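Only one structure is covered here, and it is reproduced in the block below.
The values are calculated or read from the model by the stated rules, or taken from the named source; none is laboratory data. Because the structure is predicted, anything quoted here is derived from the model rather than measured. Note that each Cβ is placed from the backbone with ideal geometry, even for glycine, and that neighbours are counted across all protein chains shown. Heavy atoms of the whole protein, side chains included, go into the accessibility calculation; ligands, DNA and RNA do not. Shrake-Rupley method; radii C 1.70, N 1.55, O 1.52, S 1.80 Å.
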Amino acid sequence: MNPFREKTTLIERIKWLIVIRWVAVAGMLLATHFIRMIGNLSFPMIPLYVIAAIIALYNIFFIVCGKLMKSRDYVQADLEKFASVQIVFDLVALTFLVHFSGGVESPFIFYFVLHMITAGTMLSTITSYLIATLAILLFGSVVVLEYLKLIPHIHIITFIKPDLCTLRIFNAGTVTILASTLYFTVYLTNYLINIIEKKQEGIEELSALLEIGKLINSTLELDDILDLILHSAIRITGTSAGSIALFDEKNLEFSIKGAVGFSEEFMHTLKWKVRPGGMTDLILKSRNPLVLEDALKEPTFNNPIALEEGIRSLIAAPLLVEEKIIGILYVDDFKPRTFSESEVRLVSFLAMQAAIAINNAQLHERTRWLAATDGLTKAFNHRYFYEHLEKEMKRAERYNHPLSLIMMDIDYFKDYNDVCGHKRGDDVLKQVAKMLIKTTRKFDVVARYGGDEFTIILPETDKTEALNIAERIRRDVEQYVFSFDDSPEKRYLTMSLGIATCPYDAGNVDELVDAADRALYKAKRRGRNRVCLFLNSPVV
């Protein structure tokens with residue numbers, strides 16, 4: 001259950017207890033006056049006034065204490081102690097009231113039952129049973145002391161001849177009935193509260209999941225989804241950290257794709273194979289959440305990086321899509337702790353939603369990648385090239401960085417196609433694209449512009465750097481031996497390359513592409529297998 005909700009509920013119940021005491025004081029005085037009036041009875045009222053005054057004073061005292069508690073950062077345990085002290089004071093005052101209103105004959109005996117309901121709704125089950133025991137001891141002490149004539153017995157039922165206080169059976173029966181009533185009241189109150197709290201937990205869980213579901217489904221970006229899932233899991237469990245590992249079915253390997261609350265080293269180095277008999281293997285086989293309340297006591301928890309991070313307790317929930325595991329959601333804490341059934345259940349439900357959201361994001365990412373790549377060479381396609389070049393031009397202008405573009409094509413490729421066939425030509429294009437992607441940097445963009453023509457976008461790269469990269473590509477292609485699966489034939493080919501750089505050679509996308517294209521044709525006119533800069537002499 002939400003700790004904040006428990007705290008705020010207990011505050012409201014303490015306020016309710018104080019109000020009930022005011023009502024009880026007023027009701028006691030009114031009731032006794034009414035009984036005296038209609039019954040023409042003459043029992044003393046002074047003790048009742050004293051009790052009422054005492055109750056009023058300590059009620060005011062607890063109101064002041066409650067206001068002081070609001071001014072500081074109190075916790076749930078402080079509130080429970082505060083409520084327990086008040087209930088104990090109430091029981092002592094009630095015991096005096098019972099004694100001065102007839103002892104075993106007092107009509108106020110049944111106010112003990114009211115306080116058992118109060119204890120059951122405000123305190124833990126064990127504490128409420130202890131309060132019931134205290135009530136019986138207090139009442140029983142009055143009965144015993146009256147029976148032994150150590151304190152006076154005040155008669156209120158004058159029409160009954162025998163002195164009930166002297167009847168051992170009556171006294172024992174009264175105490176027994178009251179004890180059984182109080183304990184049964186505590187049991188019933190706790191039972192009903194548990195039912196209500198479980199229903200409340202269910203409502204809160206459903207609300208939390210609906211809210212999380214809306215957030216997760218509001219985006220198809222995988223990084224955003226992973227971040228939302230982790231922060232939601234940490235919030236609903238009150239843990240310190242969390243991570244999501246996605247499963248590579250081909251290599252039987254898990255790798256961390258998102259993490260919160262861990263070091264950078266943890267995020268970038270944690271990758272592991274599924275080891276038979278290990279913790280991950282157990283999760284894969286059981287397909288149910290694994291809960292560790294103290295990881296150091298679990299022999300299968302032996303990942304050195306996780307141990308070095310200080311993970312001591314966790315919930316690990318598999319991410320399942322159509323009975324297929326795509327990853328694992330972890331919520332972690334750096335101290336041993338007990339996870340409630342509600343927390344484990346919420347993490348399980350969250351994992352179900354997370355699995356669908358992650359799968360959808362991966363499908364979307366794959367679809368977007370397919371839409372942006374050339375089907376033959378797997379380099380980016382013509383449309384993506386222009387979209388990305390537009391973004392890089394704006395970024396270069398904003399941060400005043402250079403941006404270079406290389407355009408290239410394979411020398412005499414049409415003749416090669418006519419002689420060797422289009423299938424062999426396609427094989428050449430694939431090998432060239434693979435070589436370009438391997439040769440360039442991670443943030444460079446290799447695209448197939450059309451036919452045998454390729455382009456490379458080089459962010460934050462000036463003419464000199466672009467020239468070095470282009471020359472390396474020209475040299476690698478010249479030395480590369482093109483081989484084919486269906487033939488022992490080997491071929492050597494060359495490439496011509498043109499370079500343009502903004503802002504020196506162009507002010508917009510079309511101008512930059514045109515400048516690089518003109519530099520390329522200058523290289524072809526000057527003998528091919530060379531690199532040319534826009535408006536500059538060829539470099540060979």
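Here Gly450 clears all of (1) in contact (Cβ under 8 Å) with a residue 60 or more places away in the chain; (2) of a type in the set (Gly, Ala, Ser); (3) surrounded by 15 or more Cβ atoms within 10 Å (Cβ to Cβ) except the condition numbered (3). Within region 388-418, the residues that satisfy the criterion of being of a type outside the set (Val, Ile, Thr), in contact with an Asp or Glu (Cβ under 8 Å, 6 or more places away or on another chain) and not in a helix (DSSP H, G or I) are His401, Pro402, Leu403, Ser404, Met407, Met408, Asp409.
Return the only residue of Lys250, Lys257, Lys285 being of a type in the set (Lys, Arg), open to solvent by 20 Å² or more (accessible area, probe 1.4 Å) and in a helix (DSSP H, G or I). If you could, list the steps in order and put the result at the bottom.
Working: Lys250 fails: in a helix (DSSP H, G or I); Lys257 fails: in a helix (DSSP H, G or I).
Of Lys250, Lys257, Lys285, the one residue that is of a type in the set (Lys, Arg), open to solvent by 20 Å² or more (accessible area, probe 1.4 Å) and in a helix (DSSP H, G or I) is Lys285.
Name the strands (runs of 3 or more DSSP E) wholly within region 452-504 that hold at least 3 residues that are over 15 Å from Lys434 (Cβ atoms)? Write out each step before concluding.
Numbers: elements: 453-459, 482-484, 487-491, 495-502.
So the answer is 453-459, 487-491, 495-502.
The set of residues from region 319-339 being open to solvent by 10 Å² or more (accessible area, probe 1.4 Å) and under 15 Å from the mean Cα position of the chain (by Cα) comprises Tyr330, Phe339.
Of the set (1) part of a strand (DSSP E or B); (2) closer than 18 Å to Ser232 by Cα, all apply to Val344 but (1).
May I ask you to verify whether Glu365 is in contact with a Pro (Cβ under 6 Å, 6 or more places away or on another chain) and part of a helix (DSSP H, G or I)? Lay out the reasoning, then the answer.
Details: in contact with a Pro (Cβ under 6 Å, 6 or more places away or on another chain): no; part of a helix (DSSP H, G or I): yes.
No.
Just one of the listed residues (Ala371, Ala396) is small (Gly, Ala, Ser) and either touching a helix residue (DSSP H, G or I) at 6+ places or on another chain (Cβ under 7 Å) or surrounded by 13 or more Cβ atoms within 10 Å (Cβ to Cβ) (or both), and it is Ala396. Of the numbered criteria (1) open to solvent by less than 30 Å² (accessible area, probe 1.4 Å); (2) not in a strand (DSSP E or B), the one Ile244 fails is (2).
From the residues in region 436-447 that are out of contact with any Ser or Thr (no Cβ under 7 Å at 6 or more places or on another chain) and buried (at least 17 other Cβ atoms within 10 Å of the Cβ), which one is farthest from Lys394 (Cα to Cα)? Outline the logic, then answer.
As a first pass, look at region 436-447 and keep what is out of contact with any Ser or Thr (no Cβ under 7 Å at 6 or more places or on another chain): 436-445.
Filter once more, keeping what is buried (at least 17 other Cβ atoms within 10 Å of the Cβ): 436, 440, 444-445.
Details: Leu436: 25, Thr440: 22, Asp444: 16, Val445: 16 Å.
Checked region 436-447; the qualifying residue farthest from Lys394 (Cα to Cα) is Leu436.
Among the residues of region 488-504, are any within 47 Å of the chain's Cα centre (by Cα) and either open to solvent by 30 Å² or more (accessible area, probe 1.4 Å) or not polar (S, T, N, Q) (or both)? Yes, because at least one residue in region 488-504 is within 47 Å of the chain's Cα centre (by Cα) and either open to solvent by 30 Å² or more (accessible area, probe 1.4 Å) or not polar (S, T, N, Q) (or both).
In region 423-440, the residues that are closer than 12 Å to Ile410 by Cα and in contact (Cβ under 8 Å) with a residue 60 or more places away in the chain reach residues that are open to solvent by 30 Å² or more (accessible area, probe 1.4 Å) and part of a helix (DSSP H, G or I) with C-beta atoms within less than 9 angstrom, at least six apart or across chains, in these pairs: Val428/Cys420. I want to confirm something. Restricting to region 35-93 and keeping residues that are at pLDDT 80 or above and touching a His at 6+ places or on another chain (Cβ under 8 Å), which single residue is surrounded by the most Cβ atoms within 10 Å (Cβ to Cβ)? That would be Asp90.
Arg366 falls short on exactly one of the conditions (1) open to solvent by 30 Å² or more (accessible area, probe 1.4 Å); (2) modelled with pLDDT of 90 or more, and that condition is (2).
Of all residues in region 82-113, those being of a type in the set (S, T, N, Q) and within 20 Å of Leu29 (Cβ to Cβ) number 3. Scanning region 128-149 for residues that are open to solvent by 20 Å² or more (accessible area, probe 1.4 Å), out of contact with any Ser or Thr (no Cβ under 7 Å at 6 or more places or on another chain) and at pLDDT 80 or above yields a count of 10.
Within region 249-303, work out how many residues are of a type in the set (A, V, I, L, M, F, W, C) and within 19 Å of the chain's Cα centre (by Cα). Talk me through it step by step, then tell me what you get.
Taking region 249-303 first, the residues of a type in the set (A, V, I, L, M, F, W, C) are 252, 254, 256, 259-260, 262, 266-267, 270, 272, 274, 279, 282-284, 290-292, 295-296, 301.
If we keep only those that are within 19 Å of the chain's Cα centre (by Cα) as well, we get 256, 259-260, 262, 266-267, 290-292.
The qualifying residues number 9.
Given the criteria among the hydrophobic types (A, V, I, L, M, F, W, C), buried (at least 20 other Cβ atoms within 10 Å of the Cβ) and over 21 Å from Glu323 (Cα atoms), does Ala306 qualify? So Ala306 passes the test. Can you pull out every residue in region 223-233 that is in contact (Cβ under 8 Å) with a residue 40 or more places away in the chain, hydrophobic (A, V, I, L, M, F, W, C) and either open to solvent by 30 Å² or more (accessible area, probe 1.4 Å) or within 15 Å of Phe349 (Cβ to Cβ) (or both)? Within region 223-233, Ile229, Ala233 qualify.
Annotation for region 369-381: no member residue is in contact (Cβ under 8 Å) with a residue 40 or more places away in the chain and under 30 Å from Ala316 (Cβ atoms).
Any idea which residue in region 115-127 is most open to solvent (accessible area, probe 1.4 Å), counting only those that are in a helix (DSSP H, G or I) and more than 14 Å from Gln86 (Cβ to Cβ)? The extreme case among them is Ile126. Can you confirm whether region 155-166 contains a residue that is over 17 Å from the mean Cα position of the chain (by Cα), at pLDDT below 80 and aromatic (Phe, Trp, Tyr)? The answer is yes; a qualifying residue exists.
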